[in-house]
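Novice: Pasting a structure here, questions to come.
Computed from the coordinates by the stated procedures, all read-outs in this text should not be read as laboratory data. The structure displayed is predicted, hence computed values, not measured ones. Here Cβ is always computed from backbone atoms with ideal geometry, including for glycine, and neighbour counts include all displayed protein chains.
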């Protein structure tokens, strides 16, 4: 897939994303997925409202991160 080849290597491939890594809800057209820029897993919009820089992944500006990657 061209779409997957343009993505960072640590991202889980789109074809393997079935459920949100945080709330476990199944992805669908009504519940689309995004990739967390920190861990690379699939996450729904509700579980990825925070934006922060992820310099270790070469994202110096604030980007989408999942709730599981936010320090408590």
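Novice: When you check residue 64 against the structure, is it out of contact with any helix residue (DSSP H, G or I) (no Cβ under 8 Å at 6 or more places or on another chain) and surrounded by 18 or more Cβ atoms within 10 Å (Cβ to Cβ), yes or no?
Specialist: yes
Novice: Can you name every residue in the stretch 50-72 that is free of Cβ contacts under 8 Å to residues at least 12 places away in the same chain and within 24 Å of residue 24 (Cα to Cα)?
Specialist: Correct list: 71, 72.
Novice: Filter the stretch 24-36 for residues that are touching a residue at least 12 places away in the same chain (Cβ under 8 Å) and within 15 Å of residue 14 (Cβ to Cβ); which is surrounded by the most Cβ atoms within 10 Å (Cβ to Cβ)?
Specialist: 36
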